[in-house]
Amino acid sequence: MKRVLFSLVMFAAVSTVFAQTDPKAVKAAVSAAKSAANSGKFAEAEKTIEAAMSNAATKNDASVWDAAGYVQQKISMKQSENQVLKKSFDTIQVYKSALKMVEYFSKCDELAQLPDAKGKVNNKFRKKNAVIVMGERNNLINGGIYYFNAQNYAEAFKYLAAYADLKNLPLTAKEPAILADSTITQMAYYACSAAYRMEDYKNCAKYAQQAFEDKEYGEPAMEFYCISLKELGQQEEWLAALKKGVATYPGIPYFFANLVEYFSTNNKYDEAIAYADEMLKNDPNNALYLFCKGYIYQQTKEYDKALEFYAKATNDEKSDYCAQSYSNMGLIYCIQAQDFSATATTNVGDAKYKEEQAQLKSYYEKAKPCYEKARQLKPDQKDLWLQGLYRVYYNLDMGNEFKEIESMM
């Protein structure tokens, strides 16, 4: 009995859907909108068809949405005609109409794919509308570029995402030109970039994934994807994405550095060392990997090992991690000086005083060339050397050098 009742409820629901559409009202609305559009009365055409698109008696009929797309096509064609005739024309309107055509023809296609009362699908719109939408692709790109350059990222996203979605849209997904269109992944990247600027991390991650295959934008798309996952609090997915980034783009520091930072921050030093060692097997002279290993040892206060790997990382002065390694070496020597000072005697009369002061001074003497080298390599990056040299010159009683540094504080 329950099964019979369920069937009756389902039949009633389906019947209600079909009952909502009034064929006469649909025909009247479609005819009126197209007639107005053909006569150049575009405001009237839009008003008429928009009313039908929201009316319960007509909004579920594919013909209504097909007519809505038709109106936008006519509006766009008029602007193009004006351009050819060197009359005043509205390029922005062309972009807007292109976006609406994609929306309206897609909705038309969706409704046309629904089975009729006899269970049959008769989509008479797809072939025609697919051709029209395919012809509007450049206007989607141009609209996206226009709004992106104007820093209107919300509008830019609509166009760029619409283009990227053509690959998955039933209306266009099987079109040969779409299957072979490498621009799809590029537009997905820019959609991702626009979403990122709006802090819309869900859509940023979505479109970043569509851009992974792009030869030019695949790597930055992967970075956007990782950032989005972290912002969304999806830690396991974020870690997996970082590891994939390391494997796919071993020469890009972002992925490896963030992974090591995560391991270090969460006191997973063994995992961090193991990961660094694995990377160094394939590239033993990579300054980033050497720097990161030194950083891990610095965090665990294994300073001798840290200095060893930092020193190796300084072999490549062209690397961004060379100056950073020198700076960290200087910091380690200053930390050692501070630690030694905490236990050294302050009694001038003590027999060990002079010896311990000399030992204390030796740490600052070792730190001095490290900070000075960091300054030489990165003179504009003061955070790497300014505070360090201030401390070193003060403790080594280097008056002139100290005054110079002090004037920069």
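The values are calculated or read from the model by the stated rules, or taken from the named source; none is laboratory data. Computed from a predicted model, the values in this text were never measured in an experiment. So basically every Cβ, Gly included, is an ideal-geometry build from the backbone, and we count neighbours across all protein chains shown. Protein only, heavy atoms only, side chains kept; ligands, DNA and RNA dropped before computing areas. Shrake-Rupley method; radii C 1.70, N 1.55, O 1.52, S 1.80 Å.
Does residue 397 fit the bill of being open to solvent by 30 Å² or more (accessible area, probe 1.4 Å), at positive phi and either without any contact (Cβ under 8 Å) to a residue 60 or more places away in the chain or assigned to a helix (DSSP H, G or I) (or both)?
In short, yes.
Considered as a group, the residues in the range 330-347 that are part of a helix (DSSP H, G or I) and of a type in the set (A, V, I, L, M, F, W, C) include one that is most open to solvent (accessible area, probe 1.4 Å), and that residue is 342.
Scanning the range 134-149 for residues that are open to solvent by 60 Å² or more (accessible area, probe 1.4 Å) and not in a helix (DSSP H, G or I) yields a count of 0.
Has the range 191-214 got any residue that is among the acidic types (Asp, Glu), surrounded by 18 or more Cβ atoms within 10 Å (Cβ to Cβ) and over 10 Å from the mean Cα position of the chain (by Cα)? Scanning the range 191-214, I find at least one residue that is among the acidic types (Asp, Glu), surrounded by 18 or more Cβ atoms within 10 Å (Cβ to Cβ) and over 10 Å from the mean Cα position of the chain (by Cα), so the answer is yes. Do you know which residues across the range 188-206 are in contact with a Lys or Arg (Cβ under 9 Å, 6 or more places away or on another chain) and closer than 15 Å to residue 167 by Cβ? Matches in the range 188-206: 188, 191, 192.
Answer yes or no: is there a residue in the range 290-304 that is over 36 Å from the mean Cα position of the chain (by Cα) and open to solvent by less than 40 Å² (accessible area, probe 1.4 Å). The answer is yes, given that some residue of the range 290-304 is over 36 Å from the mean Cα position of the chain (by Cα) and open to solvent by less than 40 Å² (accessible area, probe 1.4 Å).
Please verify whether residue 351 is of a type outside the set (Val, Ile, Thr), surrounded by fewer than 15 Cβ atoms within 10 Å (Cβ to Cβ) and not in a helix (DSSP H, G or I), treating the condition exactly as stated. Criteria met by residue 351.
Is there a residue being closer than 24 Å to residue 368 by Cβ and among the small types (Gly, Ala, Ser) anywhere in the range 261-281? No, there is no match, as no residue in the range 261-281 is closer than 24 Å to residue 368 by Cβ and among the small types (Gly, Ala, Ser).
Put simply, of 109, 116, 90 the only residue that is in contact with a Lys or Arg (Cβ under 8 Å, 6 or more places away or on another chain) and charged (D, E, K, R) is 109. For residue 379, indicate whether it is open to solvent by 40 Å² or more (accessible area, probe 1.4 Å), touching a Gly at 6+ places or on another chain (Cβ under 9 Å) and not charged (D, E, K, R). Spelling it out, it is not the case that residue 379 is open to solvent by 40 Å² or more (accessible area, probe 1.4 Å), touching a Gly at 6+ places or on another chain (Cβ under 9 Å) and not charged (D, E, K, R). Here residue 169 meets each of (1) open to solvent by 50 Å² or more (accessible area, probe 1.4 Å); (2) under 22 Å from residue 110 (Cβ atoms) with one exception, condition (1).
Among residues of the range 75-127 being open to solvent by 70 Å² or more (accessible area, probe 1.4 Å) and of a type in the set (Gly, Ala, Ser), the one that is modelled with the highest pLDDT is 88.
Does any residue of the range 245-264 turn out to be open to solvent by 70 Å² or more (accessible area, probe 1.4 Å) and among the hydrophobic types (A, V, I, L, M, F, W, C)? Looking through the range 245-264, at least one residue is open to solvent by 70 Å² or more (accessible area, probe 1.4 Å) and among the hydrophobic types (A, V, I, L, M, F, W, C).
Within the range 156-173, residues that are under 14 Å from residue 134 (Cα atoms) sit with their Cβ atoms under 8 Å from residues that are basic (Lys, Arg) and buried (at least 21 other Cβ atoms within 10 Å of the Cβ), at 6+ positions apart or across chains, in these pairs: 163/137; 166/137.
The set of residues from the range 369-394 being more than 15 Å from residue 335 (Cβ to Cβ), charged (D, E, K, R) and either touching a residue at least 40 places away in the same chain (Cβ under 8 Å) or touching a helix residue (DSSP H, G or I) at 6+ places or on another chain (Cβ under 9 Å) (or both) comprises 372, 373, 375, 378, 382, 383.
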